[in-house]
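Q: Let me give you the structure first, and then I'll get to my questions.
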Amino acid sequence: MDGGTVDNAKGHISSVAVFDAGISLDPDSQLSRGLKSRHIQFLAIGGAIGTGLFVSSGAILHTVGPVLLWLGYLAMMAIVWVIMNNVSEMTIYLPMKGITMPYFTKRYVDESLAFAAGWNYWYTYSVIIATEATAGAILLDYWKTPVPSWVWITIILAVNLALNIIAVEVFGEAEFWFASIKLITIMGLLIVGLVIMLGGGPNHDRLGLRYWEDPGAFKEFVAKGSLGIFLAFWTSFIRAGFSFIMSPELVALAGGETVAPRRNLPKAAGRFLWRLAIFYGLSSFIIGVIVPHNDERLLSGTGDATASPWVIGIERAGIRGLNHVINAAILTSAWSAGNAFLYSGSRILYSMAVNKQAPAFFAKTTKRGVPWAAILVTWAPGCLAYLNASEGGAQVFLWFNNLCTISGYIAWIVIMITYLRFRSALKYQGLLHTLPFKTPLQPYATWVALGLVSLLTITNGFQVFIPRLWNIKDFLAAYITIPCFLVIYLGHKLRHKTPWLRPTNEINVIAGKKEMDDLCAADVEPVPKNWVQKVWFWIA
């Protein structure tokens, strides 16, 4: 067993000899620790605030109505909170350089599952890059520029590549400012939305909850009556997942490149939920207040919608000029999300390469520690965004949305299984009390979330099985990832004959723990010299 020996009496790991392959403390083999507290906090929340909130929320509103849009986001936020807690506990316990969620899966569950999960992550991040570029083209089309969409897509992809391949500090700084624009934008939108709701717009039309009465708070989906309302809620619950896909994992991916990880990661994880509650909870409510669900400009996949529901709401209120400012800010959001997910996908591929689960070529780095080969290969599938040239941008975006959502759900299922095995091993060896970061309601919250996400995965495209709604393209977008994942998983297992599940007494939760304890013990927390620094240290 890598990283230690096992005491046959009870399976306790008695000594630590070496780290697992590819995970080393040798400074020469490490990526640069260039991400500061403010970088990691804004990376976590910035990854969660993207086109899911600003663009695809309009498609959900169009499909299910305002109340079910809101409830769908609230339900998904509870799931994301559990996933973030799982990821944070494991990462903060061992914040080693080069770690990813597939690394933890290999260590605590099974090598074959880790192999399949790693390629699923890489695929998802790559498709999200294309999704965000597509969203950018949709947003730019709002201005009806004479420039073809493929030109805008090229510019978006080129900037993302440049920001990632220079140095991790450049990426972190760019993502900090990108995320800052997103946060300022969403806070401004919440205020504007409230003003419009209360009649403070130029037309002084007090909306209140008017659109909840006409055209209605609920919109039935594929059926009539209470069944139609439930299916609409379930659809909202499923589709809301796109807004959060892969965002909790950003904390794990950046954990090995973060300064003082056991001081900064808990801060990012602890603030994640209440930020989501403010940004997503309030936003999904206000969107349904300022825009009726039957507005033809909402993204639906059947028309040529080119606007965010926020921009539509501002236009309807008669506020001149602000719609252009907001559309520009949302465009930077798409840019930012693509930037963050290119970083994430490249680190997944890099980690797989050093763990011999991908060609060694992808482990090549620059002198500054940037995995350039992994970045280039992860960036390349972003060119799928050029499908806009032959299909409508709205339809392509919704296809990518579906592909990413189902892949993300599979990734979350693997995370929760990994966490449960990790926790079982700690409990078996009497080490639960050594967790440096503990979250509430565990492991019960994880079991509930695991059941719900599994059900969401299976029912992701349920509507395509209704004869009048059957569409082969929608079916493939909803389900193609599941058999692909199973083929990779079972193929690896048959070839390498790995056990179905690593026995609890063989799970290594010791290797690297002392080194990380020593590293984090050497951290000296900065002491503020005045009240300005005190406020800044609290924020960042």
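Q: Inside the range 462-485, can you point out the residues that are open to solvent by 80 Å² or more (accessible area, probe 1.4 Å) and either of a type in the set (Lys, Arg) or touching a residue at least 60 places away in the same chain (Cβ under 8 Å) (or both)?
A: Hits for the range 462-485 are ARG468, LYS473.
Q: Given the residues GLN429, GLN442, which is the only one that is in contact (Cβ under 8 Å) with a residue 40 or more places away in the chain, open to solvent by 10 Å² or more (accessible area, probe 1.4 Å) and touching a strand residue (DSSP E or B) at 6+ places or on another chain (Cβ under 8 Å)?
A: On the way: GLN442 fails: touching a strand residue (DSSP E or B) at 6+ places or on another chain (Cβ under 8 Å).
Among GLN429, GLN442, only GLN429 is in contact (Cβ under 8 Å) with a residue 40 or more places away in the chain, open to solvent by 10 Å² or more (accessible area, probe 1.4 Å) and touching a strand residue (DSSP E or B) at 6+ places or on another chain (Cβ under 8 Å).
Q: Name every residue in the range 447-461 that is of a type outside the set (Val, Ile, Thr), open to solvent by less than 50 Å² (accessible area, probe 1.4 Å) and in contact (Cβ under 8 Å) with a residue 24 or more places away in the chain, in order of residue number. Break it down into steps so the answer makes sense when it comes.
A: So the first thing to find is which residues in the range 447-461 are of a type outside the set (Val, Ile, Thr), and the list is 447, 449-452, 454-456, 460-461.
With the extra rule that they be open to solvent by less than 50 Å² (accessible area, probe 1.4 Å), the set shrinks to 449-451, 454, 456, 460-461.
ALA449, LEU450, SER454, LEU456, ASN460, GLY461, listed by residue number.
Q: SER112 passes all but one of (1) open to solvent by 10 Å² or more (accessible area, probe 1.4 Å); (2) closer than 30 Å to ILE510 by Cα; which number fails?
A: (1)
Yes or no, residue by residue, for (1) more than 30 Å from ILE155 (Cα to Cα); (2) out of contact with any helix residue (DSSP H, G or I) (no Cβ under 7 Å at 6 or more places or on another chain); (3) open to solvent by 20 Å² or more (accessible area, probe 1.4 Å):
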position: ALA268; (1), (2), (3): yes, no, no
position: ILE278; (1), (2), (3): yes, yes, yes
position: VAL325; (1), (2), (3): no, yes, yes
position: ALA328; (1), (2), (3): no, yes, yes
position: GLY338; (1), (2), (3): no, no, no
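Q: Turning to a different aspect of this structure: So for the range 441-460 (the condition being of a type in the set (Val, Ile, Thr) and farther than 19 Å from ALA75 by Cα), does at least one residue qualify? So that I can check it myself, show each step before the final result.
A: If we filter the range 441-460 for residues that are of a type in the set (Val, Ile, Thr), which is where we start, we get 446, 448, 453, 457-459.
Retained after the next criterion (residues that are farther than 19 Å from ALA75 by Cα): none.
The answer is no, given that none of the residues of the range 441-460 is of a type in the set (Val, Ile, Thr) and farther than 19 Å from ALA75 by Cα.
Q: Let me ask something else. Among the numbered criteria (1) surrounded by 24 or more Cβ atoms within 10 Å (Cβ to Cβ); (2) under 20 Å from PHE485 (Cα atoms); (3) among the polar types (S, T, N, Q), which one does ASN86 miss?
A: (2)
Q: Within the range 136-157, can one find any residue that is closer than 27 Å to ALA411 by Cβ and small (Gly, Ala, Ser)?
A: yes
Q: Moving to a separate point now. Tally up the residues in the range 308-348 that are in contact (Cβ under 8 Å) with a residue 60 or more places away in the chain and either among the aliphatic types (A, V, I, L, M) or outside any helix (DSSP H, G or I) (or both), please.
A: Final tally of qualifying residues: 18.
Q: A further question on this structure: Name every residue in the range 291-325 that is of a type in the set (A, V, I, L, M, F, W, C) and modelled with pLDDT under 80, in order of residue number. Please lay out each step first, then the result.
A: Pass one, the range 291-325, residues of a type in the set (A, V, I, L, M, F, W, C): 291, 298-299, 305, 307, 310-312, 314, 317, 319, 322, 325.
Correct list: LEU299, ALA305, ALA307.
Q: Do you know which residues across the range 434-459 are within 12 Å of ILE417 (Cα to Cα) and not hydrophobic (A, V, I, L, M, F, W, C)?
A: Within the range 434-459, PRO443, THR446, GLY451, SER454 qualify.
The values are calculated or read from the model by the stated rules, or taken from the named source; none is laboratory data. Small disclaimer: the values here were computed from a predicted structure and weren't measured. Neighbour counts are summed over all protein chains in view; Cβ atoms, including those assigned to glycine, are modelled from backbone coordinates with ideal geometry. Side chains are part of the model used for accessible areas, which takes the heavy atoms of the whole protein and leaves out ligands, DNA and RNA. Shrake-Rupley method; radii C 1.70, N 1.55, O 1.52, S 1.80 Å.
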